[in-house]
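Participant: This is the structure I want to talk about, given as structure tokens.
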Amino acid sequence: MFVVMLACFGCEWRLRPTEQTVAERVVVERFDRIETLFLTTGDVSALQQMYTNYPRQTRTLIEDLLQVGHVNDSDINARFHHYFQDTTLQRLIADASQRYADMNDVGEELTLAFERLRSWLPSLPMPQVYAQIGSLDQSIVVGDGMLGISLDKYLGSDYPLYLKYGYTERQRSMMTRSFIVPDCLGFYLLSVYPQPGGEQASRQQLDQHMGCIQYCVNFATGQPTFKNAHVDRAGQLMNEQHLTAEELLRRY
């Protein structure tokens, strides 16, 4: 369910097929706010809202991301709450809540990016996007038509806890607000268009497929976020072979 992670220039963007897509506004659902209320105060009503309003998100967080047990376990609520009482995790919660008090800009960027992306991939389904607080595990969680953003992984390249826990300079450079949209698009595309060679794919094939994903992300965001030889090659393949984005992602 999880995909963890993404450059071209001097090549044309070919909008094929040319049919227009209707923009669908992306609203980032604030699952993190209800989660934060429960984890900081123990408010039982907040926990009930998590299970009632966000059942799939809650199950994914507890069972897959944190792996503290199953939602049907008799003591799971106590274990879930206790897990986050660590001072480091409480600080993550507080800092994420402060820095992401407003996420309207992220929703607007995702709306524009998906609109551009679907001009290339008209049949691409729109995911349900939500924010959550993890424990420095996955950045983006994809599965079952959902796309979850772990805000604790996007607190800035100079965030003290990232330095304390040994994240490299390169890793920290991508743990910023500006990388949320590119990461969302990249992980989501990987879930829809997995590596054509499957488990038998070579390292070169894996790198080339990632380059194709990144090439499409750059187009969708309108920014050269990802720059490498594999992205350049993806652009060459698309132009030289007159491929649609769908063909590019399924072949390479």
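Participant: Any idea of the accessible area per residue across the chain, 1.4 Å probe, to the nearest Å²?
Facilitator: On the way: 12100 Å² over 252 residues.
Per-residue value: 48 Å².
Participant: Could you check how much of the accessible area of the chain is carbon and sulfur, as a whole percent, using a 1.4 Å probe?
Facilitator: Numbers: 5830 of 12100 Å².
C and S fraction of accessible area: 48 percent.
Participant: Let me check the size of segment 118-244 from its C-alpha atoms; what are the radius of gyration and Dmax in Å?
Facilitator: That works out to 15.7, 48 Å for Rg and Dmax.
Participant: Could you tell me which residue out of L155, N218, P182 lies farthest along the dipole of the chain toward its positive end? Charges go on the beta carbon: Lys and Arg +1, Asp and Glu -1, centred on the Cα centre.
Facilitator: N218
Participant: Here is a further query. Give me the percent relative contact order of segment 50-144, please, defined on Cα pairs under 8 angstrom at least 6 residues apart. Intermediate values should be presented prior to the final figure.
Facilitator: Numbers: 32 pairs, mean separation 25.2, N = 95.
This gives 27 percent for segment 50-144.
Participant: Let me ask something else. Keeping all protein chains in place and using 1.4 angstrom, which order do T40, T88, T52, T58 fall into by accessible surface area, from largest down? Let's see the in-between values first.
Facilitator: Numbers: T40 70, T88 25, T52 105, T58 0 Å².
Highest to lowest solvent-accessible surface, that is T52, T40, T88, T58.
Participant: What is the dipole size for the chain, taken about its Cα centre, with +1 at each Lys and Arg Cβ and -1 at each Asp and Glu Cβ, in debye to the nearest 20? List each step's numbers first, then the result.
Facilitator: Numbers: 22 positive and 30 negative charges, 85 e Å.
The calculation lands at about 400 debye.
Participant: Which Cα, out of Q195, N72, L110, lies furthest along the positive dipole direction of the chain (beta carbon charges, K/R +1, D/E -1)?
Facilitator: Q195
Participant: Tally the DSSP beta bridges in the chain and give the antiparallel ones as a percent, rounded to 5. Numbers along the way, then the final one.
Facilitator: Numbers: 5 of 11 bridges.
Just about 45 percent of them are antiparallel.
Participant: Here's another thing I want to ask about it. Which whole-angstrom value gives the distance between the alpha carbon centres of segment 97-118 and segment 184-248?
Facilitator: 22 Å
Participant: The list (1) 58, 37, 37; (2) 48, 44, 36; (3) 51, 39, 32 gives values of Cα extents along the principal axes in Å, and only one came from this structure; which label was calculated from it?
Facilitator: The calculated read-out lines up with (1).
Participant: Please give the calculated 222 nm ellipticity per residue for the chain, where each DSSP H segment of at least 4 residues contributes -39500 (n - 2.57) and the sum is spread over every residue; nearest 500 deg cm²/dmol?
Facilitator: Working: 12 runs with 125 residues, N = 252.
My calculation for the chain gives -15000 deg cm²/dmol from helical runs alone.
The values are calculated or read from the model by the stated rules, or taken from the named source; none is laboratory data. Keep in mind it's a predicted model, so treat the numbers as computed, not measured. So basically every Cβ, Gly included, is an ideal-geometry build from the backbone, and we count neighbours across all protein chains shown. Quick note on the areas: whole protein, heavy atoms, side chains included, nothing else; ligands and nucleic acids left out. Shrake-Rupley method; radii C 1.70, N 1.55, O 1.52, S 1.80 Å.
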